[in-house]
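Notes to accompany the following structure.
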Amino acid sequence: MKLTKQEIQFIDHYLIKNEVKYWDVRLELLDHIVSAVETKISNDGISFNEALLEVHRGFGNQFVEFGVSKDKIFEKGLYQSNIGFKKFIKQKQKEIGRKHRKTYWKTFLPFISSIRFFIELLVLTIVTLIAYQYSIKVGLFVAMSGIIITEFTKLFYGGLKKFKTKSLNMQLAISSSLLLTQMPYWLIMLFNWHYEGLEMKPYYILFILFALLFVFSRHSLNNFIKIYNTYNERYQLLTT
Amino acid sequence: MSNSKLYKGSLTTIILKLLNEHDKMYGYEITQKVKALTKGELKITEGALYPALHKLEAEGLLDVEVAKVDNRLRKYYKLTETGTKETVNKLEELAEYIKTMQALVNPKLA
């Protein structure tokens, strides 16, 4: 027996109430729960409420019936514990992180050896050298801007619309951005502290560090774009 | 996951084997297929299935395809090229394990 649109919406709201707030996590749970409830109603001849409660427990959400009146069992049973869903999200988060890291390192060498990246790095180096002619500070600012622009692009697109902020995959894809945005500032602080009092500071060290940081940051943006496109496409499919 | 903890270590192999025989499958379909094939003997719980699927996906053995079915999105899992190769290895490992167990438990049959 197929569930009605209202019943499916009820399950979706029940998941949100149980703190499954990410739509990309919810879509898999929703499909599983709807399919399981439909089968249980058809095969076991039980009601929607009974079937949903059974599936809810199947996910490892505990429920203590003691002291709960029969007419309240459904309502209380669905919202008494969401420990199973919490475990589900936590485990998924761990695996998404693993997947992102694996993809990052797998695509690292092909990306940094691409002509496109070579041209980008060349342009940034030339602009930095031109800026360096004016002053060291301007040169450092230009070198830093490569990293800052890259990370802000991720943060901007990653947090612009609801679908991105409510997606676990998107959140994890931008999780390192805040750290990377502040990194150049920390490096300058560390550099100044280390070479304090020195008349001719070895600024080339900072330029090298910024160049290295740009390599990692730019590749991270490349992976972010792929994740963004995948989840944007899925969200369009979900909402149309 | 099931009535017996003995199956636990073989869950990954079971999933890979099923996906090797079918082009693509979704989570609930896998639980039902296993239940049907084992005549209800083995029941994979949701709490065991999804961590295994997500782990296999993270390891690059499974790929995901999303399609709209009955007004909701369905996530299909399918084997990657590496996943297909790994299935062969896992099945060989399992066969070897069964053979060893057979020799231990019932030496006459081994």
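Values in this text are rule-based calculations from the coordinates and carry no lab data. All of these numbers come straight from a predicted model, not from anything done at the bench. FYI the Cβ positions are ideal-geometry reconstructions off the backbone, even for glycines, and counts take in every protein chain you see.
Of the residues A:Tyr235, A:Tyr231, which is in contact with an Asp or Glu (Cβ under 7 Å, 6 or more places away or on another chain), outside any loop (DSSP other than H, G, I, E, B) and within 27 Å of A:Val20 (Cα to Cα)? Steps first, please.
On the way: A:Tyr235 fails: in contact with an Asp or Glu (Cβ under 7 Å, 6 or more places away or on another chain).
Unique residue meeting the criteria: A:Tyr231.
Anything in the stretch B:57-69 that is more than 7 Å from chain A (Cβ to nearest Cβ) and either assigned to a loop (DSSP other than H, G, I, E, B) or in contact with a Phe, Trp or Tyr (Cβ under 8 Å, 6 or more places away or on another chain) (or both)? List them, or say none. Before you say what the answer is, go through the steps one by one.
Looking only at the stretch B:57-69, we keep the residues that are more than 7 Å from chain A (Cβ to nearest Cβ), and these are B:59, B:61-65, B:67, B:69.
Listed by number, the residues that qualify are B:Glu59, B:Leu61, B:Leu62, B:Asp63, B:Val64, B:Glu65, B:Ala67.
With the requirement that a residue be without any contact (Cβ under 8 Å) to a residue 40 or more places away in the chain and more than 25 Å from A:Thr128 (Cα to Cα), what does the stretch A:194-225 give you?
Answer for the stretch A:194-225, where residues must be without any contact (Cβ under 8 Å) to a residue 40 or more places away in the chain and more than 25 Å from A:Thr128 (Cα to Cα): A:Gly197, A:Ile225.
If you take the residues of the stretch A:98-109 that are surrounded by 15 or more Cβ atoms within 10 Å (Cβ to Cβ) and of a type outside the set (Val, Ile, Thr), which of them is farthest from the chain's Cα centre (by Cα)?
Residue satisfying both the conditions and the ranking: A:Phe108.
Would you pick out the residues in the stretch B:39-50 that are facing chain A (nearest Cβ under 10 Å) and crowded, with 18+ Cβ neighbours inside 10 Å? Walk me through it before giving the result.
Our first condition is that a residue be facing chain A (nearest Cβ under 10 Å); within the stretch B:39-50, this holds for B:43, B:45-50.
Correct list: B:Glu46, B:Leu49, B:Tyr50.
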